[in-house]
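Enquirer: Please see the structure below; I have some questions.
Please treat every number below as a calculation from the coordinates, not as lab data. What you are looking at is a predicted structure, and each value in this text was computed from that prediction instead of being measured. Positions of Cβ are generated from backbone atoms using ideal geometry, with glycine treated the same way; all protein chains shown enter the neighbour counts.
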Amino acid sequence: MTGKRLPEAGDDGAGRRSSNSVVTMAEVAERAGVSTATVSRVLSGRASVAPEFRARVSAAVEELSYRPNRLARNLRCRNAEMVGVVISDIENPHFAEMIHIAEEEVYRRGYRMLLCNTDESSEKQRSYLQMLADERPVGVIIAPCDASGPEISRLIEMGIPVVAFDRPVKDERADAVLADNFEAARTAVEHLVGSGVTRIGYVGLSTQIETGARRLAGYKAAMAALGLEARWVDGGLRLATGFRATERLVREWPEMEAMVVGNNMLTLGALRALRAEKKRRVPEDIVVVAFDDPFWAELVQPPLTALAQPVRAMTSTAVRLLIDNIEGRRREPERIVFRFTLKVRESSSRSGAGNRQKDESPPT
């Protein structure tokens, strides 16, 4: 007995799909003769699908004109597509701000964020990157403590896009969003000399990372260009090491009139050391310019002259580069460099001028 064919969802009754119907992943799976999980793996670019099944899925997608809605799918699914964010020090206000902005940007685009904190440990970076390779996120943003870690290249070779943030990586296939640390250090020295001081010391961020090396190079170049003696100490990466480094520099160079300090954590240590070291007052006895402009820079006494990175613009750019790569809108790596803004406050002026601001242009 022959019965009348009943129309299916999206079917006009004659075996044709209506023009306004939405093709589902289940329909693609049925046409290809595979599971929906296999369709999902093919569409997300996973390597663990046999060529035969990949060809079937691709043919079904073409025949049915299937177009996945990435944002809607991610908002529905428990296991949304994950973006890994690997930062070097979660206690550093600079990276805390970056994390907050990155989470907002990633979520808004329909992805979710997996955060890893290496605590400036190459071993922890290696462990977290190996974990990410196993979890296969759709992309990774990293502020590396080990720029040449082979696990970074492994992610790229697996087809997982990588964006270096704040600190570059050695693998040139990764995108990079950086700040011009060399020029910022020059700006700090030139500002201090313009304030009438010439004996300018430097408590530097560890030169084991690229950021620290570039800041020291900029300080030394500026001092040499002005014919001034350069004296510096390696302040490491933490408040405690910044404290000890400042104590040493003040002890070895009691005539020092000014300091440039390599990041916000070192600055806290430096300010504490100056108070302890024969009550060296800022700015009456010594003037200070610091890298980074955390929220507390305006709250300390005196308010701190700081070289501020455009963290929001840098983070938004890093997320945009990553998502554009994930979603196939570009392939060639990019390197984008932003400039610092010198925010002049009372710590660098014995005249108490305070609260002026000199703006640098944004990215170069």
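Enquirer: Using the 10 angstrom Cβ neighbour count as an exposure proxy, how do M256, M158 rank, fewest first?
Expert: M158, M256
Enquirer: Quick one: W232, W296, fewest Cβ neighbours within 10 Å first, how do they rank?
Expert: On the way: W232 20, W296 13.
In increasing order of surrounding Cβ atoms, one gets W296, W232.
Enquirer: Moving on to the next point. Go ahead and set up a Gaussian network model of the chain, Cα springs under 10 Å, then flag whichever of D324, D146, D292 fluctuates most.
Expert: Between D324, D146, D292, it is D324 that shows the largest mean-square fluctuation.
Enquirer: Hey, another quick one. In nanometres, what is the gap between the two model label sites at E255 and I99, each 7 Å from Cα along Cα-to-Cβ?
Expert: Here the modelled spin labels are 4.6 nm apart.
Enquirer: Given R₀ = 35 Å, FRET efficiency for S58-E91 by Cβ-Cβ distance, to 0.05?
Expert: Working: r = 47 Å, r/R0 = 1.35.
FRET efficiency, S58 to E91: 0.15.
Enquirer: Using r as the Cβ-Cβ distance of R112 and A26, and R0 as 30 Å, what FRET efficiency do you calculate, to the nearest 0.05? Show your work: numbers first, answer last.
Expert: Details: r = 24 Å, r/R0 = 0.79.
The formula returns an efficiency of 0.80 here.
Enquirer: With +1 on the Cβ of every Lys and Arg and -1 on the Cβ of every Asp and Glu, and nothing else charged, how large is the dipole of the chain about its Cα centre, in debye rounded to the nearest 20? Numbers along the way, then the final one.
Expert: Working: 52 positive and 50 negative charges, 89 e Å.
Dipole of the chain, to the nearest 20 debye: 420 debye.
Enquirer: Continuing with the same structure: Please give the contour-minus-distance gain from R248 to R335: 0.36 nm per residue of separation, less the Cα-Cα distance, rounded to one decimal in nm.
Expert: Working: separation 87, 0.36 × 87 = 31.32 nm, distance 3.76 nm.
This chain segment gains 27.6 nm when fully extended.
Enquirer: Sticking with this one: What whole number of Å gives the distance from the Cα centroid of the range 174-219 to the Cα centroid of the range 263-297?
Expert: Measuring centre to centre over Cα atoms gives 16 Å.
Enquirer: Next question. What number of lysine-lysine pairs in the chain show an alpha-carbon separation below 25 angstrom, given a sequence spacing of 8 or more or placement on distinct chains? Each step should come with its number before you reach the end.
Expert: On the way: K124/K170; K170/K220; K220/K343; K220/K358; K343/K358.
Count of close lysine pairs: 5.
Enquirer: Kindly provide the helix-only [θ] at 222 nm of the chain, computed as the sum of -39,500 (n - 2.57) over DSSP H runs of four or more divided by all residues, to the nearest 500 deg cm²/dmol? Spell out each step's value before the answer.
Expert: Working: 12 runs with 148 residues, N = 364.
Computed mean residue ellipticity for the chain: -12500 deg cm²/dmol.
Enquirer: Also, quick follow-up: Among DSSP beta bridges whose residues both lie in the chain, state the antiparallel percentage, nearest 5.
Expert: Values: 8 of 43 bridges.
The antiparallel fraction comes to roughly 20 percent.
Enquirer: Which one of L274, G159, N92 is farthest out on the positive end of the charge dipole of the chain, using unit charges on Cβ (Lys, Arg +1; Asp, Glu -1) and the Cα centre as origin?
Expert: Looking along the dipole axis, the top candidate is G159.
Enquirer: I need the calculated FRET efficiency for the pair W296 and L226, taking r as the beta carbon distance and R₀ as 35 Å, to the nearest 0.05. Write out the running numbers ahead of the final one.
Expert: On the way: r = 31 Å, r/R0 = 0.88.
So the FRET efficiency works out to roughly 0.70.
Enquirer: Same structure, new question: Would you look at the GNM of the chain, springs on alpha carbons closer than 10 Å, and say which of G212, G235, G196 moves the most?
Expert: G196
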